[in-house]
1. Applying the selection to the stretch 77-95, what residues are in a helix (DSSP H, G or I) and either within 16 Å of residue 48 (Cβ to Cβ) or not assigned by TED's automatic domain parsing to the domain that holds residue 50 (or both)?
2. Confirm whether residue 136 is assigned by TED's automatic domain parsing to the domain that holds residue 55, assigned to a helix (DSSP H, G or I) and farther than 24 Å from residue 233 by Cα.
3. Go through the stretch 254-268 and give me each residue that's surrounded by fewer than 17 Cβ atoms within 10 Å (Cβ to Cβ) and part of a strand (DSSP E or B).
4. For the stretch 125-135, enumerate the residues that are surrounded by fewer than 15 Cβ atoms within 10 Å (Cβ to Cβ) and either touching a Lys or Arg at 6+ places or on another chain (Cβ under 8 Å) or of a type outside the set (A, V, I, L, M, F, W, C) (or both).
5. Can you pull out the residues in the stretch 223-249 that are in contact (Cβ under 8 Å) with a residue 24 or more places away in the chain and farther than 26 Å from residue 125 by Cα?
6. List the residue pairs whose Cβ atoms are under 6 Å apart, where the first residue sits in the stretch 156-181 and is modelled with pLDDT under 95, the second is of a type in the set (Gly, Ala, Ser), and the two are 6 or more positions apart or on different chains.
7. On the basis of being in contact (Cβ under 8 Å) with a residue 12 or more places away in the chain, under 19 Å from residue 51 (Cα atoms) and not aromatic (Phe, Trp, Tyr), does residue 144 make the cut?
8. Got a sec? Which of 120, 100 is without any contact (Cβ under 8 Å) to a residue 24 or more places away in the chain and surrounded by 16 or more Cβ atoms within 10 Å (Cβ to Cβ)?
Amino acid sequence: MAALVEPCTTTHSGSSDPRQFDRAFARTLVSHRRSQPAALPSEHDVEVLVDEALALLFPRYAEDVAATENQIYARVTQLREELGRVVGAVVPGERAEQLAGQFVELLPRIYEHLCADAEAIAAGDPAAESIDEVVVAYPGFLAVTVHRIAHELHLLGVPILPRLLAEVAHARTGVDIHPGATIGRSFSIDHGTGIVIGETAVIGDEVKVYQGVTLGALSVSKSAAGAKRHPTIEDRVVLYANATVLGGDTTVGHDSVIGGNVWLTTSVPPQSFVHNTSQVRVRSVSEALDYSDYSI
């Protein structure tokens, strides 16, 4: 397949006349557009695809909450056709239809995983009053939903689209999960904002992650592409706010707790408690400051 993005090149006409420069620049842009195939789904199409998948899987996202079996079947068919059309922007038409059909066959498994995710979030958050609330109001659940869809498309070998789907979730929730990341059952994201999970991260079952957590790489060298660069998080691990775990050789053993603001680049055994040691002093304002009323 041709490169999706050609190198950007332009030349200055050397003219002092801005009209000549503007027209020369316009010709350059037109030339680039004509030389590049339309090999990217539109942002609108990707957004629509996400919304249709949500409406199919969870009635709270749909207008026809009490849909009949025939209506749901029609919606499945519509999703298959829409996915085939969107995938058709990056792969040949017949192959796009085949991939769309394969993805739809995976929907029952995706739905099963998502139900377990919603239950885990509801069970672990005292503020959650119901699973319905988690499904429609929790950004962490939305991020996981889009990830599970994007991940299956990634495994099917669909180019570009899984990354675009991930960016829809990123824009809506502030959670950035690469579609290549492997995430086990009953995954719980609490709050979610600022979470980053890299392409080769592997997360086990019943893991809970708080806001600001990063599962990243020690090196950002382009030569590391294709290698395992991100950590492995085993079953039933809890990662508290702003914890950073880096490196493809780093494994957090099962049933461990990683405290807030921890910076971790080495493996820890199962049932570990990793935390920062801090010193907090409590004093009165009069002891700490010469005056208590100040502004910045």
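1. First pass over the stretch 77-95, keeping only residues in a helix (DSSP H, G or I): 77-87, 93-95.
Result: 77, 78, 79, 80, 81, 82, 83, 84, 85, 86, 87.
2. Values: assigned by TED's automatic domain parsing to the domain that holds residue 55: yes; assigned to a helix (DSSP H, G or I): yes; farther than 24 Å from residue 233 by Cα: yes.
So residue 136 fits the description; yes.
3. 263, the sole residue that qualifies.
4. Of everything in the stretch 125-135, those that are surrounded by fewer than 15 Cβ atoms within 10 Å (Cβ to Cβ) and either touching a Lys or Arg at 6+ places or on another chain (Cβ under 8 Å) or of a type outside the set (A, V, I, L, M, F, W, C) (or both) turn out to be 126, 129, 130, 132.
5. As a first pass, look at the stretch 223-249 and keep what is in contact (Cβ under 8 Å) with a residue 24 or more places away in the chain: 227-248.
Matches in the stretch 223-249: 227, 228, 229, 230, 246, 247, 248.
6. none
7. Details: in contact (Cβ under 8 Å) with a residue 12 or more places away in the chain: yes; under 19 Å from residue 51 (Cα atoms): yes; not aromatic (Phe, Trp, Tyr): yes.
Here the answer is yes, as residue 144 does meet what is asked.
8. Working: 120 fails: without any contact (Cβ under 8 Å) to a residue 24 or more places away in the chain.
Sole residue among the options that is without any contact (Cβ under 8 Å) to a residue 24 or more places away in the chain and surrounded by 16 or more Cβ atoms within 10 Å (Cβ to Cβ): 100.
The values are calculated or read from the model by the stated rules, or taken from the named source; none is laboratory data. These figures come from a predicted structure and were not determined experimentally. Cβ: placed from backbone, ideal geometry, glycine included. Neighbour counts: every protein chain shown.
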